[in-house]
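Colleague: What follows is a structure written as structure tokens; I'll ask about it next.
The values are calculated or read from the model by the stated rules, or taken from the named source; none is laboratory data. Please read these numbers as outputs of a predicted model, since none were measured by experiment. For neighbour counting, all protein chains shown are included, and Cβ atoms are generated from backbone atoms with ideal geometry for every residue, glycine included.
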Amino acid sequence: MKVLEKAPAKINLSLDVLGKRGDGYHEVRMIMTSIDLADRVECGDLPENQIEVRASVPYVPEDERNFAYQAAHHIKAKYGIRRGVEITITKNIPVAAGLAGGSTDAAATIRALNRLWKLGMSYQEMLAVAEQIGSDVAFCLKGGTALATGRGEQLEALPPLPPCWVVLVKPTVSVSTAQIYKDLDSRPIEHPDVDAMLHAIDAGDFESICRLLGNCLEPVTMRKVADIAKIKSHMKEIGAEGILMSGSGPTVFALTQHESRMQRLINGMRGYCSQVYAVRLCKPFPLV
Ligand code: ATP
């Protein structure tokens, strides 16, 4: 038997770092929303008691470094499963791009194995597995729009954003999240106004959401990737309503409610970068 799960990417609407914790992680306060740019994760039974991962692109690890592998490993250990599984990942989300591609594959694997092995896991039980893998996996389990605090694993669901297009531009370079956080520690932090963004989302105020987009990692990554500033100013010229780098970057996204502007952004940005996407927002998974 095989089960298929969709694994949507996320963008950060607001990302603040409050400080470094004793356990080495950073204390964050961030608002994320899932978008309709998604990997496909298929889990199927294997006759032998083993975990096999296949990824559709060569630069994603297929061993225990893959977050989907880790999800299967933790579930097998926790529930005493002695069956084997083959996990096939079709990557559509750019890798190491600030879009939580690996985390969402892990979250999709948890949802898929719960179905494949009929484990009847509650959302809380899935969260316990997610937290063992990485900070963004917890958010990716349900997706939607949420405030994430702690190291990113404490979640509060928020109302959905007003309908809009998300245009994403991925510069050719990739960045290491760990290195960006390390660089952040040696400089003053420019804090975004997370509370004001929470109010704007509550009010469904698209203009304010665009104005309040903020990410304290953006200036850090910008020092390494000169293309980010160029992409931002070009998107602004074309007329995007709100523009920001997602996560630790280097992907830049723009929000717009106008289809014609979305088309202009795609056409204009394709001249600059080969990886340009226009997607809608994604609803949360109905987990309880
Ligand atoms: P985040 O936004 O959560 O910081 P990211 O989008 O910047 O993540 P990922 O695409 O998750 O980055 O990739 C980061 C690293 O994780 C990659 O370099 C890759 O080696 C590793 N990785 C492990 N599992 C996966 C997976 N299923 N898909 C992609 N990368 C994976």
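Colleague: If we scan the stretch 160-167, do we find a residue that is within 12 Å of the ligand (Cβ to nearest atom), within 25 Å of ILE201 (Cβ to Cβ) and in contact with a Phe, Trp or Tyr (Cβ under 9 Å, 6 or more places away or on another chain)? Spell out the reasoning first.
Modeller: Pass one, the stretch 160-167, residues within 12 Å of the ligand (Cβ to nearest atom): none.
For the stretch 160-167, residues within 12 Å of the ligand (Cβ to nearest atom), within 25 Å of ILE201 (Cβ to Cβ) and in contact with a Phe, Trp or Tyr (Cβ under 9 Å, 6 or more places away or on another chain): absent.
Colleague: Right, something else. In the stretch 257-283, which residue that is in a loop (DSSP other than H, G, I, E, B) and buried (at least 16 other Cβ atoms within 10 Å of the Cβ) is modelled with the lowest pLDDT? Working first, answer last.
Modeller: Kept after step one, since they are in a loop (DSSP other than H, G, I, E, B), are these residues of the stretch 257-283: 257-258, 271-274, 280, 282-283.
Those still in the list that are buried (at least 16 other Cβ atoms within 10 Å of the Cβ) too: 273, 282.
Values: CYS273: 86, CYS282: 96.
Checking each candidate, the answer is CYS273.
Colleague: Now for a different question. Return yes when ALA68 is over 18 Å from the mean Cα position of the chain (by Cα) and either assigned to a helix (DSSP H, G or I) or modelled with pLDDT under 95 (or both) and no when it is not.
Modeller: No, not satisfied.
Colleague: For the stretch 115-138, name all the residues that are in a loop (DSSP other than H, G, I, E, B) and either farther than 15 Å from LEU287 by Cβ or within 16 Å of the ligand (Cβ to nearest atom) (or both). Show your work before the answer.
Modeller: Taking the stretch 115-138 and keeping what is in a loop (DSSP other than H, G, I, E, B), we get 117-122, 132-136.
Once the filter is applied, which keeps residues that are in a loop (DSSP other than H, G, I, E, B) and either farther than 15 Å from LEU287 by Cβ or within 16 Å of the ligand (Cβ to nearest atom) (or both), the stretch 115-138 yields TRP117, LYS118, GLN132, ILE133, GLY134, SER135, ASP136.
Colleague: Condition (residue is surrounded by 16 or more Cβ atoms within 10 Å (Cβ to Cβ), of a type in the set (A, V, I, L, M, F, W, C) and part of a strand (DSSP E or B)) applied to the stretch 190-197: is it met by at least one residue?
Modeller: no
Colleague: Separate question: Hey, any hits in the stretch 137-146 for a residue that's at positive phi and not hydroxyl-bearing (Ser, Thr, Tyr)? Can you show your working first?
Modeller: Narrowing the stretch 137-146 to residues at positive phi: 143-144.
Add one more test, that the residue is not hydroxyl-bearing (Ser, Thr, Tyr), and what stays is 143-144.
There is at least one residue in the stretch 137-146 that is at positive phi and not hydroxyl-bearing (Ser, Thr, Tyr).
Colleague: The conditions are (1) part of a loop (DSSP other than H, G, I, E, B); (2) under 18 Å from ALA9 (Cβ atoms); (3) modelled with pLDDT of 95 or more; (4) out of contact with any Pro (no Cβ under 7 Å at 6 or more places or on another chain), and LEU141 fails exactly one of them. Which is it?
Modeller: LEU141 satisfies every listed condition except (1).
Colleague: Take the stretch 68-105 and flag every residue that is within 10 Å of the ligand (Cβ to nearest atom) and either closer than 19 Å to LEU46 by Cβ or among the charged types (D, E, K, R) (or both).
Modeller: Initially, the stretch 68-105 is screened for residues within 10 Å of the ligand (Cβ to nearest atom), giving 68-71, 87, 89, 91, 93-105.
Across the stretch 68-105, the qualifying residues are ALA68, TYR69, GLN70, ALA71, ILE87, ILE89, LYS91, ASP105.
Colleague: Also, I was wondering about something else. LYS118 passes all but one of (1) modelled with pLDDT under 95; (2) among the basic types (Lys, Arg); (3) over 15 Å from the mean Cα position of the chain (by Cα); which number fails?
Modeller: With respect to (1) modelled with pLDDT under 95; (2) among the basic types (Lys, Arg); (3) over 15 Å from the mean Cα position of the chain (by Cα), LYS118 is out only on (1).
Colleague: Another question, then. Write out, first by first residue and then by second, each pair whose Cβ atoms fall under 7 Å of each other, whose residues are 6+ apart or on separate chains, and whose first residue, in the stretch 232-256, is under 19 Å from LEU161 (Cβ atoms) and at pLDDT 95 or above while the second is basic (Lys, Arg) and within 13 Å of the ligand (Cβ to nearest atom).
Modeller: Listed by first residue and then by second, the contacts come to THR251/LYS170.
Colleague: Could you run through the stretch 253-288 and say how many residues are under 22 Å from THR172 (Cα atoms) and touching a Ser or Thr at 6+ places or on another chain (Cβ under 6 Å)? Break it down stepwise before answering.
Modeller: Within the stretch 253-288, the first condition is being under 22 Å from THR172 (Cα atoms), and the residues that meet it are 253-255, 262-279.
From what's left, touching a Ser or Thr at 6+ places or on another chain (Cβ under 6 Å): 253, 262.
Summing the residues that are under 22 Å from THR172 (Cα atoms) and touching a Ser or Thr at 6+ places or on another chain (Cβ under 6 Å) in the stretch 253-288 gives 2.
Colleague: Only one residue in ALA100, ALA107, ALA146 is under 17 Å from LYS78 (Cβ atoms), outside the structural domain of ASN215 (by TED's automatic domain parsing) and crowded, with 18+ Cβ neighbours inside 10 Å, so which one is that? Lay out the reasoning, then the answer.
Modeller: Details: ALA100 fails: under 17 Å from LYS78 (Cβ atoms); ALA146 fails: under 17 Å from LYS78 (Cβ atoms).
Step by step, each of ALA100, ALA107, ALA146 is checked, and only ALA107 is under 17 Å from LYS78 (Cβ atoms), outside the structural domain of ASN215 (by TED's automatic domain parsing) and crowded, with 18+ Cβ neighbours inside 10 Å.
Colleague: Could you identify the single residue in LYS76, LYS20 that is touching a His at 6+ places or on another chain (Cβ under 8 Å) and basic (Lys, Arg)? Working first, answer last.
Modeller: Numbers: LYS76 fails: touching a His at 6+ places or on another chain (Cβ under 8 Å).
None of the others qualify; the one that does is LYS20.
Colleague: For the stretch 198-231, enumerate the residues that are at pLDDT 95 or above and among the acidic types (Asp, Glu).
Modeller: ASP202, ASP205, GLU207, GLU218
Colleague: Of all residues in the stretch 214-242 being away from the ligand (no atom under 16 Å from the Cβ) and buried (at least 22 other Cβ atoms within 10 Å of the Cβ), which is nearest to LYS182 (Cα to Cα)?
Modeller: ILE231
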